[in-house]
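Some notes on the structure that comes next.
The values are calculated or read from the model by the stated rules, or taken from the named source; none is laboratory data. Predicted, not measured: the structure shown is a model, and the values here were computed from it. Cβ sites come from the backbone with ideal geometry, for glycine too, and all protein chains shown count toward neighbours.
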Amino acid sequence: MNAREVRVELGERAYTVHIGPGALLSVPAEIRKRLGTTPRRAFVVRDSGVPAVFFDELAALLSDAELAVSSIELVPTEQSKSIATLERVLAAMASSGHSRADPVVALGGGIVGDLAGFAAASYQRGVPVVQCPTTLLAMVDASVGGKTGVNLRVANDTGDRLLKNFVGAFHQPLTVAADTRVLMSLPDRHRRAGLAECVKHAMIALGITGADLMSETRAAMPGVLAGEEDAYGRLIERSVALKGEVVRRDERESIAGLGGVRMLLNLGHTFGHAIETIPNLSPNPAYPELAPLHHGEAVGLGLLAACRCAERLGMCEPGVGDEVLGILDMIGLPSTVRDLPDTDEVRSRMGADKKAAGGKLRLVLPEGRGRCRVVTNPDETAVAAGIDAIRG
Ligand code: GLY
């Protein structure tokens, strides 16, 4: 097994991210090591999109380590990332006899990881969680750093609104096992969509660790696109190292003005979330079966919109956006959508994003290659230019 490890240095909460084919094998020993004892039970929250063979393998590994395994299967949709599903998970944990000493193990993409993590954070005021991310997005971003939570649906005079990740907790995992065998079992489109998060990390890395992840990401592309598992492993390792350093410096996402860097991980997401909330958008209108957009596809569009917005503001030179466009093209991610509604509608969806709370729009924008900063209330014509740049 070509194992790779990244440490997330958080003092007594520090943990190891295991990456590579067979990373799931590390889970029982990590549980024992981190807890100092073997617990009685484990509760696995499994994603219905993950082939059963990987759940069976994980369950067998836990049973061999003398843990009694219970589980629940969840369908990974934004609708199911709800307080109602959380209640279902907590009730299933309670009926299984789960105690405060027993870990929850999340086996799935970002939705399942966030939900299982929040169930662990809240069950009897907190039980340990192990993250076994199965999508690229979850491997390089969601599973590392302890953000957990669910969406909240609220009603007002204009109808129902889904506030994404509005309720949650910071709850660091005991360990993360990013098994690239699971990743390679996913459809190609899922893996390509996840690469948008790697591009996001590359766009901030120079300003944080000094690593030129833009060049590394480009260089990794031939191997990645040829489906070479080890090329994915290397890219995940580099991306997780960046994420781990961001989390080490700013675990709880402090305010940018106070030296916070974690907020920079929202790059592309305010534009991206706005695009994602528009029903039936497809990355290529000639292929309606590709609707709805994947989260990663919307993030890729959001990254480009952020570049074009920053260029209009004069914050960065035009080459920054062109390099990002080149990488998105190389990956095969969309850089435009043809059926985007008018600019005001997209803009109002950005205003509804929870990151705009308090009446202020805060955007993470590039100030150069590999460097970003937070801009509060950017000029509206520049925001509109960002939106219009991705209109096909
Ligand atoms: N996914 C963004 C963060 O972990 O802060």
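For segment 235-271, the candidate set comprises residues that are small (G, A, S), modelled with pLDDT under 95 and within 12 Å of the ligand (Cβ to nearest atom); within that set, the residue that is surrounded by the fewest Cβ atoms within 10 Å (Cβ to Cβ) is S254.
Has segment 154-169 got any residue that is farther than 17 Å from A142 by Cβ, among the polar types (S, T, N, Q) and either touching a residue at least 40 places away in the same chain (Cβ under 8 Å) or surrounded by 22 or more Cβ atoms within 10 Å (Cβ to Cβ) (or both)? Looking through segment 154-169, none of the residues is farther than 17 Å from A142 by Cβ, among the polar types (S, T, N, Q) and either touching a residue at least 40 places away in the same chain (Cβ under 8 Å) or surrounded by 22 or more Cβ atoms within 10 Å (Cβ to Cβ) (or both).
Checked against the criterion of being in contact with a Lys or Arg (Cβ under 6 Å, 6 or more places away or on another chain) and either crowded, with 24+ Cβ neighbours inside 10 Å or in contact (Cβ under 8 Å) with a residue 24 or more places away in the chain (or both), the candidates I111, I83 yield just one match: I111. Would a scan of segment 280-296 turn up a residue that is buried (at least 22 other Cβ atoms within 10 Å of the Cβ), away from the ligand (no atom under 16 Å from the Cβ), free of Cβ contacts under 8 Å to residues at least 60 places away in the same chain and under 21 Å from G351 (Cα atoms)? The answer is yes, given that some residue of segment 280-296 is buried (at least 22 other Cβ atoms within 10 Å of the Cβ), away from the ligand (no atom under 16 Å from the Cβ), free of Cβ contacts under 8 Å to residues at least 60 places away in the same chain and under 21 Å from G351 (Cα atoms). Selection over segment 36-57 of residues that are under 22 Å from the mean Cα position of the chain (by Cα) and hydrophobic (A, V, I, L, M, F, W, C) gives a count of 5. R125 passes every criterion in (1) away from the ligand (no atom under 16 Å from the Cβ); (2) basic (K, R); (3) closer than 21 Å to T277 by Cβ apart from (3). Taken as a whole, the condition of being in contact with a strand residue (DSSP E or B) (Cβ under 6 Å, 6 or more places away or on another chain), away from the ligand (no atom under 13 Å from the Cβ), assigned to a strand (DSSP E or B) and closer than 23 Å to S48 by Cβ does not apply to R161. If you go through segment 214-230 one residue at a time, do you hit one that is within 16 Å of the ligand (Cβ to nearest atom), under 30 Å from R349 (Cβ atoms), crowded, with 16+ Cβ neighbours inside 10 Å and not β-branched (V, I, T)? Checked segment 214-230: no residue is within 16 Å of the ligand (Cβ to nearest atom), under 30 Å from R349 (Cβ atoms), crowded, with 16+ Cβ neighbours inside 10 Å and not β-branched (V, I, T). Here A138, A101 are screened, and the one residue that is of a type in the set (G, A, S) and part of a helix (DSSP H, G or I) is A138. Could you say whether any residue in segment 337-350 is without any contact (Cβ under 8 Å) to a residue 24 or more places away in the chain, over 26 Å from T135 (Cβ atoms) and outside any helix (DSSP H, G or I)? Yes: one or more hits.
Cβ-Cβ contacts under 7 Å between residues 6 or more apart (or on different chains), taken from a first residue in segment 181-200 that is farther than 21 Å from V320 by Cα and at pLDDT 95 or above to a second residue that is assigned to a helix (DSSP H, G or I) and basic (K, R), are listed as L183/R191.
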